[in-house]
Structures are given as structure tokens and as C-alpha cells.
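This structure is in C-alpha cells; I'll ask about it shortly.
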Amino acid sequence: MRRGADIGLVSEAGCPAVADPGAKVVDAAHRLGITVKPWVGPSSILLGLMASGLDGQRFAASACRASASAASKRAIRSYTRMRR
């Protein structure tokens, strides 16, 4: 990779780096300054997660309206306090 060669990360467990240890490879590539480009995935959220190097086993996505209820706001605050 450091010499400019292209490599691929393939998973038989679903999305690479989401449901397998491939996130460690992606994270190492980021630390070395290597560009990571996901090719295909079921959604843009998962494509971003595959390319991020973050732990896909601890990822949670939540959506809320602009005029969220008090309960929704509490839930959002609790998500922001979750540890990585």
C-alpha cells in the first residue's frame, strides 16, 4: 500500500469493516495517510462506516425531526454521552 499499489478488502461476513475485523485494516490505512474508497454498499451510512475505520459493532444511527419532543432530545443527549 505504501508503494502506491491498490488493494481490496473483501468480507464474507457482510459489509467489510462493519461486521468483521476489517475496520482495523481501514483504521491502519487512515493512520498511514492512505486513501480509503468504499465501492458498494446497501446505504450511504454503511458506505461511510466502512470507509471510516470506526468499530462497526458499536455503531448506532438515530434520526429525529427538527422539532423533537423532550423525550427525543433526552435520547439524543444520551447517545452523545456513549463511549466509543
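Which FRET efficiency, nearest 0.05, do Ala60 and His30 yield, Cβ-Cβ r, R0 30 Å?
After rounding, the FRET efficiency stands at 0.90.
Moving to a separate point now. Tell me the label-point distance for the pair Ala19, Ala5, using the 7 Å Cα-to-Cβ offset, in nm and rounded to one decimal.
Going from the Ala19 label point to the Ala5 one covers 3.0 nm.
At a Förster distance of 22 Å, what's the computed FRET efficiency of Leu47 paired with Ser72, Cβ-Cβ distance as r, to 0.05?
Working: r = 26 Å, r/R0 = 1.20.
In this case the efficiency is close to 0.25.
We did not get these values from a lab; they are worked out from the coordinates using the rules stated. Just so you know, these numbers come straight off a predicted model, no measurement behind them. Don't worry about glycine lacking a Cβ; one is built from the backbone with ideal geometry, like all the others, and counts go over all protein chains shown.
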